[in-house]
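The values are calculated or read from the model by the stated rules, or taken from the named source; none is laboratory data. Only a predicted model underlies this, so the values are computations on that prediction, with no experimental measurement involved. As a convention, Cβ positions derive from the backbone with ideal geometry for all residues, glycine included, and neighbour counts pool all protein chains shown.
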Amino acid sequence: MTEDAPTPGTRRAALELTAASCVVLFQELVLIRWLPGQIRVLAYFPNLILLSAFLGLGIGALRAGRRSLLAAWPAALLLLVAATAGMSRVAFTLSSPSEHLWLLYYDLPAGAPVYPGIRLPIVLSFLLCAAAFVPLGQVVAERLRLFAAAGRALRGYIWDLCGSLLGVAAFAALGLTGAFPTVWFALFLLAALIFLAARPRLALVHAAAGVVLVGLVHGTERAQTYSPYYALATDPTREPGRLAVLANGSLHQIGISMRRDAPVLDEAHQLIRDGYHFPYRLLPTRPGRALVLGAGTGNDVAVLLDEGADRIDAVEIDPAILALGRRHPDRPYDSPRVRTHVTDARSFLNESSDTYDVIVFGTLDSMTRVSAFSNVRLDNYVYTRNCMQAARARLAPAGGMLLYFMVGEDYIHQRLFEMLAQVCGEEPLSVSRYFGLFNQVYQAGPAFAAHAPEERRRDATTAAAALAAAPELPTDDWPYLYLRERGVSGFYLSVIAWLAAISVIGLFAASPEFRASLWRDRTIDLPMFLFGLGFLLLETRSVTAMNLLWGATWLTSAVVFGGMLAMIAIATLIAERRWIALPGAFAGLGTALLAQYLVPVEWLLPLHGAARLAASALLVGLPVGFAGVCFGVVYAGRQQVHVAFGWNLLGAVLGGLLEFLSMAVGLRALVLVALVSYGLAYLCLRRAQPPRGPGAPAEPVRPSRADRPDGALPGVQASGAPAPPAPGG
């Protein structure tokens with residue numbers, strides 16, 4: 001029988017492996033979407049949910065060949081859902097924030113318990129999420145063992161990637177339907193019956209537990225609709241006459257009539273309306289063409305219509321919030337003068353060639369991150385000097401920029417003021433007053449140049465004096481408006497320490513071989529550790545770069561994840577066929593990483609269409625591909641795979657935690673850390689024993705006495721982690 005001829009055992013294993021990997025990926029995406037809607041602080045840390053999945057999958061894979069834990073999977077999910085339901089009724093607060101977290105518990109009753117601190121829900125969710133992935137990791141590893149026994153380990157990994165791709169596509173398609181979490185959970189629980197079919201009794205238990213679990217998820221539901229970013233609800237009882245929108249349970253937006261001839265509901269209504277309208281009194285003429293970035297439910301659009309604007313481009317990233325805006329009291333989106341654009345603000349500025357008399361930055365803030373691979377928020381690439389420059393380029397010669405913001409700290413005001421001053425060539429007119437929905441209004445550009453020169457000079461002197469102590473302004477490389485200064489704060493360091501400790505304890509408890517590699521043989525598989533560390537940093541930089549190039553939307557993220565999975569699949573085929581020698585693959589990887597570091601993403605923004613697609617594919621795709629080839633060749637040569645995988649996973653988790661370093665060194669510098677990691681991995685492999693021929697893998701690390709021939713799992717990967725699932729590349 002030839003190597004490529006499938007056997008009945010591998011055919012069944014391929015089906016079950018594909019199903020298991022699809023379920024793993026789908027479960028990850030479900031938890032990344034569902035948990036922040038229940039525990040709002042987690043919306044700011046989706047990368048920690050991702051890392052918990054890596055940890056759980058790795059622990060499960062380390063237990064391959066031991067007693068099955070599959071029966072514990074529904075119980076682990078039930079425990080996670082029940083604990084989440086309990087924590088969703090608690091107001092967790094942060095007394096000394098290192099950055100702004102909008103923890104507005106608008107949907108909790110007045111008597112809800114208050115807990116001073118947010119580490120508890122973060123750490124507990126990390127631990128329970130990891131436990132929910134352990135049985136699935138074991139399932140995937142057991143199927144991969146069958147391929148390894150047939151001498152086709154990397155072919156098994158390709159089926160694993162196919163399942164992950166299917167999971168990404170399925171969840172992306174489901175996002176278009178507006179389905180609720182009960183459907184999300186039910187779908188992946190039903191799909192699991194494929195690899196439970198051989199155990200009917202367990203399948204019945206699983207089905208019964210699944211019914212209870214879905215019922216519990218349904219019982220915790222408080223949202224009225226789900227967007228690709230938030231769990232959304234409206235609350236007309238608390239804000240009569242207004243459209244109050246809650247995102248993940250926090251008050252996010254209030255739509256209220258902006259027509260000056262409309263009846264005033266109360267004093268708060270008058271204050272809000274005056275705050276929106278007063279900057280237009282300073283314009284020399286009525287606005288002709290206007291752009292609203294972060295249009296939301298429509299307040300800014302309604303103001304511009306009332307001020308007589310001829311044409312308004314309304315940009316909003318969230319289609320569900322835009323749909324809710326159709327219920328705004330003034331119905332601004334029904335006007336023929338308004339064109340809506342469902343995309344992110346930065347992407348629209350990059351792509352548009354129009355000019356505007358007025359560009360309005362609405363009260364544009366986010367309560368979530370751009371992706372589970374990054375600490376960058378949805379709005380971070382809007383509040384950078386680069387974005388302000390892009391907006392200034394879209395202004396008409398006599399145009400003006402308006403920026404409304406709820407400023408909570410002086411340093412945020414100073415940064416916004418200085419960014420506008422730098423890009424417009426003069427200090428903006430800044431008005432500090434509480435207007436209900438915002439407390440700071442910035443007016444910049446030629447349209448406002450003649451107003452209040454004395455006040456401008458006074459504001460400029462105050463801001464300059466404050467900025468002298470902390471002059472850092474957000475850029476596309478360091479887009480952290482809400483951080484007080486560069487650096488990883490004590491809060492983040494404590495969270496990293498807790499999660500790293502949980503990861504190490506989990507790995508040591510899961511595998512005797514892993515423990516033996518330290519205590520008995522003192523053998524550390526350093527190359528696999530460095531592979532995991534480097535690849536997580538490479539993923540982070542790749543995702544943030546593509547979000548900047550193509551927009552920080554959920555669709556961009558889905559396409560990028562799918563593309564990276566496809567690239568790893570191609571790299572795995574190359575590794576299997578040994579078409580590239582290992583030194584050549586490392587050389588290609590090093591060159592590609594250097595190019596990614598030396599070529600700023602901003603250089604690609606002027607490109608359009610096919611040219612930008614080709615450039616971004618080379619800049620992002622090549623490092624991922626070469627990393628996949630290097631990992632595939634080396635990993636396939638390992639004999640003590642449980643230990644190798646454990647060290648790889650520990651490196652992957654550490655790499656994910658090191659992503660917080662971007663708060664200190666910027667995003668591009670992460671590429672250098674990844675480059676150093678891969679370089680050290682290559683040196684370790686060369687020192688152990690250089691490859692003996694083209695494409696030959698490095699010799700395995702010296703096996704310990706705990707190594708067993710029947711325990712070998714060449715080619716096992718961290719199956720199903722969010723696209724791409726493999727930390728080791």
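Taking into account only those residues within the stretch 505-537 that are in a helix (DSSP H, G or I) and among the charged types (D, E, K, R), which is modelled with the lowest pLDDT? Please lay out each step first, then the result.
Taking the stretch 505-537 and keeping what is in a helix (DSSP H, G or I), we get 505-510, 512-519, 526-537.
Keeping just the survivors that are among the charged types (D, E, K, R) gives 513, 515.
On the way: Glu513: 63, Arg515: 71.
That would be Glu513.
Looking only at the stretch 538-547, filter to residues that are surrounded by 24 or more Cβ atoms within 10 Å (Cβ to Cβ) and touching a Leu at 6+ places or on another chain (Cβ under 8 Å); which one of those is modelled with the highest pLDDT? Ranking the candidates gives Leu538 first. What number goes with the only condition from (1) modelled with pLDDT of 85 or more; (2) outside any helix (DSSP H, G or I) that Pro606 does not pass? Unmet for Pro606, out of (1) modelled with pLDDT of 85 or more; (2) outside any helix (DSSP H, G or I): (1).
Residues to consider are Ala75, Ala83, Ala53; find the one that is more than 22 Å from the chain's Cα centre (by Cα), at pLDDT 85 or above, under 26 Å from Gly175 (Cβ atoms) and aliphatic (A, V, I, L, M). Please lay out each step first, then the result.
Numbers: Ala75 fails: under 26 Å from Gly175 (Cβ atoms); Ala53 fails: more than 22 Å from the chain's Cα centre (by Cα).
The match here is Ala83.
Might you check whether a residue that is surrounded by 21 or more Cβ atoms within 10 Å (Cβ to Cβ) and part of a loop (DSSP other than H, G, I, E, B) occurs anywhere in the stretch 230-244? Within the stretch 230-244, one or more residues are surrounded by 21 or more Cβ atoms within 10 Å (Cβ to Cβ) and part of a loop (DSSP other than H, G, I, E, B). In the stretch 255-286, what residues are hydrophobic (A, V, I, L, M, F, W, C), part of a loop (DSSP other than H, G, I, E, B), within 26 Å of Gly445 (Cα to Cα) and out of contact with any strand residue (DSSP E or B) (no Cβ under 7 Å at 6 or more places or on another chain)? Passing the criteria: only Met258.
Across the stretch 538-579, which residue is nearest to the chain's Cα centre (by Cα) among those that are in a loop (DSSP other than H, G, I, E, B) and hydrophobic (A, V, I, L, M, F, W, C)? Show your work before the answer.
The initial filter retains those residues of the stretch 538-579 that are in a loop (DSSP other than H, G, I, E, B), namely 551-553, 578-579.
So of that shortlist, the ones also hydrophobic (A, V, I, L, M, F, W, C) come out as 552, 579.
Numbers: Ala552: 10, Trp579: 34 Å.
Here the residue is Ala552.
Total residues in the stretch 287-297 satisfying the condition of being part of a loop (DSSP other than H, G, I, E, B) and within 32 Å of the chain's Cα centre (by Cα): the figure is 4.
Screening the candidates Ala627, Ala652, Ala615 for the property of being surrounded by fewer than 21 Cβ atoms within 10 Å (Cβ to Cβ) and out of contact with any strand residue (DSSP E or B) (no Cβ under 8 Å at 6 or more places or on another chain) yields one hit, Ala615.
Per-residue answers, yes or no, for (1) in contact with a Phe, Trp or Tyr (Cβ under 6 Å, 6 or more places away or on another chain); (2) surrounded by fewer than 18 Cβ atoms within 10 Å (Cβ to Cβ):
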{"site": "Ala391", "(1), (2)": "no, no"}
{"site": "Ala398", "(1), (2)": "no, yes"}
{"site": "Gly408", "(1), (2)": "no, yes"}
{"site": "Ile412", "(1), (2)": "no, no"}
{"site": "Arg415", "(1), (2)": "no, no"}
{"site": "Gln422", "(1), (2)": "no, yes"}
{"site": "Glu426", "(1), (2)": "no, yes"}
{"site": "Phe435", "(1), (2)": "no, no"}
{"site": "Phe438", "(1), (2)": "yes, no"}
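Check the stretch 83-100 and report whether any residue there is surrounded by 24 or more Cβ atoms within 10 Å (Cβ to Cβ), in the same structural domain as Leu555 (by TED's automatic domain parsing) and in a helix (DSSP H, G or I). Outline the logic, then answer.
First pass over the stretch 83-100, keeping only residues surrounded by 24 or more Cβ atoms within 10 Å (Cβ to Cβ): 84.
Going one step further and asking which of them are in the same structural domain as Leu555 (by TED's automatic domain parsing), we end up with 84.
Now restrict to residues that are in a helix (DSSP H, G or I): 84.
Looking through the stretch 83-100, at least one residue is surrounded by 24 or more Cβ atoms within 10 Å (Cβ to Cβ), in the same structural domain as Leu555 (by TED's automatic domain parsing) and in a helix (DSSP H, G or I).
Let me confirm something: among Ala198, Ala223, Ala207, which residue is in contact (Cβ under 8 Å) with a residue 40 or more places away in the chain and small (Gly, Ala, Ser)? If you could, list the steps in order and put the result at the bottom.
On the way: Ala198 fails: in contact (Cβ under 8 Å) with a residue 40 or more places away in the chain; Ala207 fails: in contact (Cβ under 8 Å) with a residue 40 or more places away in the chain.
Ala223 is the lone residue from the list that is in contact (Cβ under 8 Å) with a residue 40 or more places away in the chain and small (Gly, Ala, Ser).
With the structure loaded, tell me whether Ala571 is in the same structural domain as Ala53 (by TED's automatic domain parsing) and modelled with pLDDT of 80 or more or whether it fails that test.
Values: in the same structural domain as Ala53 (by TED's automatic domain parsing): yes; modelled with pLDDT of 80 or more: yes.
So Ala571 fits the description; yes.
Would you confirm whether any residue within the stretch 86-106 is at pLDDT 85 or above and under 23 Å from Asp160 (Cβ atoms)? Scanning the stretch 86-106, I find no residue that is at pLDDT 85 or above and under 23 Å from Asp160 (Cβ atoms), so the answer is no.
The condition of being assigned to a helix (DSSP H, G or I), within 30 Å of Leu555 (Cβ to Cβ) and among the aromatic types (Phe, Trp, Tyr) holds for only one of Phe147, Phe185, that being Phe185.
If you go through the stretch 330-357 and keep only what is under 23 Å from the mean Cα position of the chain (by Cα) and assigned to a strand (DSSP E or B), you end up with His341, Val342.
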